[in-house]
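The values are calculated or read from the model by the stated rules, or taken from the named source; none is laboratory data. Because the structure is a prediction, the values reported are computed rather than measured. Backbone-built Cβ (ideal geometry, glycine too); neighbour counts: all protein chains shown. These accessible areas exclude ligands, DNA and RNA; they are computed on the full protein's heavy atoms, side chains included. Shrake-Rupley method; radii C 1.70, N 1.55, O 1.52, S 1.80 Å.
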Amino acid sequence: MKILVGSYNKNIYEVSIENEKFKETKIFKNIEKPSYLINDLNLSYIYSIDKIQYAHIENNDVLLNEGACHISYDKVNNLAYTSFYGAGLLKVLAKKDKWQISETFKYTSNSKIHYAEYIDTINLVGVVDLGENNLMLYEVIDGKLTLKTNYIFQENVGPRHFTFHKTLPIIYLISELIPKIFVFKYENGSLILLEEHFLTDGYGSAIRLTKDNKFLYGAVRKSNYLFSFNVGENGLISLTQKISTEGDHPRDFNLIDCDKYLVVANMHSNDLSLFKIVNGKLYLKDSKYNLDGGASIIHK
């Protein structure tokens, strides 16, 4: 099997895995700072040319100007969402004759927009503002986003990324400044906090849910741990495992090969770690595999 790994330095790398070990790395695309990748539309990503940032989507390269940190694709509304941590912006991309910016949302001077994604179980777009400790839900009407509801966190936790249950109206969010996982239910037009779980000291990063909705994973940088949770039929979670990432600064991780494995990109130690998933628990198979500035992982 093969994965693609984006870097905070340069290149999208293709890494092959055989017999539960990393085997070979090739340069898939020679570009500058392809820091986030998605499989949608034949591979989409954000990247830079001479320190000016673009989004590559289908055959188009859309000028973003400010530095984006995340991109996602909404196949229901045929829109893409780019999040801007430093500038506190959300830019919506739509396709007419070609892909172009259709809307720009400018938030407060403290805003740090880190993540936006369409949540198909509730037919809304979630947007995370780490600076203002805000989770917002937008309705899409005729290709335009309208704020439906939001949730303001009571402490400065720094909400970062989220994932969501595939059948229930439940959202799982990881915070960065105080590493926690929050479980929300969307009901009667409002976000209801069901539970929260403190992880460990450090900085929360990525969060992923298996396709069968049974297992949830989160990562914490600085202390460099992965956390495994069982997900109940009601969507609530219980911690089952805490395990080292075997590297420094797990910027991203992803589930691959039909959720049989988990791969971590440790950005500061410039390496990858491979874990096998057995009944939700993680078992280390390979680690310290050299890769420069790994920042985003997808299954090819």
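For the chain, the relative contact order works out to 12 percent when only alpha carbon pairs closer than 8 Å and six or more residues apart are counted. A DSSP coil position with no more than 13 other Cβ atoms inside 10 Å describes the following trypsin sites (Lys or Arg not before Pro) in segment 17-99: LYS51, LYS75, LYS96, LYS98. For the chain, the carbon plus sulfur part of the accessible surface works out to 44%, probe radius 1.4 Å.
Fully extending the segment from LYS300 to ILE101 would add 68.9 nm, taking 0.36 nm per residue of separation and subtracting the current Cα-Cα distance. Once you reduce segment 120-171 and segment 49-96 to the center of their Cα atoms, the two points are 18 Å from each other.
Calculate, in nm to one decimal, what SER190 and ILE141 gain on full extension: separation in residues at 0.36 nm each, minus their alpha carbon distance.
Residue separation times 0.36 nm, minus the Cα-Cα distance, leaves 15.8 nm.
With R₀ fixed at 30 Å, the C-beta to C-beta distance from ASN39 to LYS281 puts the FRET efficiency at about 0.70. The value of relative contact order for segment 191-300, using C-alpha pairs under 8 Å at least six residues apart, is 19 percent. Phi angles across segment 119-134 convert, under the Karplus curve 6.51 cos²θ - 1.76 cosθ + 1.60 with θ = phi - 60°, into 3J(HN,Hα) values of 10, 6, 5, 10, 6, 9, 9, x, 10, 10, 10, 5, x, 9, 6, 9 Hz, Gly and Pro given as x.
Other residues lying with their Cβ under 9 Å from the Cβ of GLU103 contribute a combined charge of +2, Lys and Arg counting +1, Asp and Glu -1. Any of LYS33/LYS288; LYS21/LYS276; LYS180/LYS288; LYS106/LYS148; LYS91/LYS144; LYS211/LYS300 with alpha carbons more than 19 Å apart? Name them for me. In this structure, LYS33/LYS288; LYS180/LYS288 lie more than 19 Å apart at Cα.
If you restrict to DSSP beta bridges whose two residues both lie in segment 13-60, what percentage is antiparallel, to the nearest 5? Roughly 100 percent of the beta bridges in segment 13-60 run antiparallel, per DSSP. Rolling a 1.4 angstrom probe over the protein heavy atoms with all chains in place gives the chain an accessible area of 43 Å² per residue. Among the listed values (1) 1.05; (2) 1.17; (3) 0.94, the one matching Cα Rg over 2.2 N^0.38 Å as calculated from this structure is (3).
Full extension from GLU155 to ASN59: what is 0.36 nm times the residue separation minus their Cα-Cα distance, to one decimal in nm?
Extra length available between GLU155 and ASN59 comes to 30.3 nm.
Between LYS166 and ASP201, the simple label model (points 7 Å from Cα in the Cβ direction) yields a spacing of 3.9 nm.
For segment 1-77, the relative contact order is 20 percent, taking Cα pairs closer than 8 Å that sit 6 or more residues apart in sequence and dividing their mean separation by the residue count. Along its three principal directions, the equivalent ellipsoid of segment 16-57 from the Cα gyration tensor extends over semi-axes of 25, 13, 7 Å, largest first.
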